[in-house]
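Notes to accompany the following structure.
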Amino acid sequence: MTEPLLFGPATSAAWMDFAHCRDVDPARMQPDAALRTSVEDTKAEVCGPCPVRRECFQHAKDQGEAYGIHAGVWFGEDPVWLQVLTCPAPACGKEFIRSPKAGGQRYCSQKCRRAADRARSKAA
């Protein structure tokens, strides 16, 4: 079962008022795929802390977006197979979007993975 959307249905435009990219140059959200550094920077800086990533991701999938950065995902990847997960690290719980190309990625960041490893070590 999926979590409810925080700001209402993705079909409603209300969530867009909370999007961190609303004041960002649109060209930044449509970078050249060859400039992978630019893609990664935008995903981290603009989308990373955004509170409406789930709504954005759902909207992009519903609209059939095939290019650009939406919800921290480069839509040069196949969005049909992407998953929204909740980070299991202690005191995190942040949602993140995982690509099957990421393999066994379970945490939203390396920092959370290390925190979970430390917590497991202390428990053992």
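The values are calculated or read from the model by the stated rules, or taken from the named source; none is laboratory data. In this text, all values refer to a predicted model and were calculated from it rather than measured experimentally. Please note: Cβ atoms are built from the backbone with ideal geometry, for glycine as well, and neighbour counts cover all protein chains shown.
Scanning region 1-19 for residues that are in a loop (DSSP other than H, G, I, E, B), modelled with pLDDT of 75 or more and over 13 Å from His70 (Cβ atoms) turns up just one, Ala13.
Given the criterion within 13 Å of the chain's Cα centre (by Cα) and modelled with pLDDT of 80 or more, identify the matching residue among Cys108, Cys47, Cys112. Steps first, please.
Values: Cys108 fails: modelled with pLDDT of 80 or more; Cys112 fails: within 13 Å of the chain's Cα centre (by Cα).
Going through Cys108, Cys47, Cys112 in turn, the sole match is Cys47.
For region 108-124, a tally of residues being within 13 Å of Cys92 (Cα to Cα) and either of a type in the set (Lys, Arg) or outside any helix (DSSP H, G or I) (or both) returns 5. Assessment of region 88-99 against the conditions (within 10 Å of the chain's Cα centre (by Cα), of a type outside the set (Ser, Thr, Tyr), at pLDDT 75 or above and not in a loop (DSSP other than H, G, I, E, B)) yields no matching residue.
Can we say Gln63 is exposed (fewer than 15 other Cβ atoms within 10 Å of the Cβ) and modelled with pLDDT under 80?
Working: exposed (fewer than 15 other Cβ atoms within 10 Å of the Cβ): yes; modelled with pLDDT under 80: no.
No; evaluated as a whole, the condition is false for this residue.
Apart from one condition, Ser121 fits all of (1) at negative phi; (2) modelled with pLDDT under 85; (3) of a type in the set (Gly, Ala, Ser); the exception is (2). Being crowded, with 17+ Cβ neighbours inside 10 Å, at pLDDT 70 or above, assigned to a loop (DSSP other than H, G, I, E, B) and among the aliphatic types (A, V, I, L, M), is that true of even one residue in region 70-77? Yes - at least one qualifying residue is present in region 70-77.
Sub-7 Å Cβ pairs linking a first residue in region 105-124 that is under 24 Å from Pro49 (Cβ atoms) to a second residue that is of a type outside the set (A, V, I, L, M, F, W, C) and assigned to a helix (DSSP H, G or I), at least 6 apart or interchain, are Tyr107/Arg113, ordered by first then second residue. Residues that are in a helix (DSSP H, G or I) and at pLDDT below 80 within region 20-43 comprise Arg36, Thr37, Ser38, Val39, Glu40, listed in sequence order.
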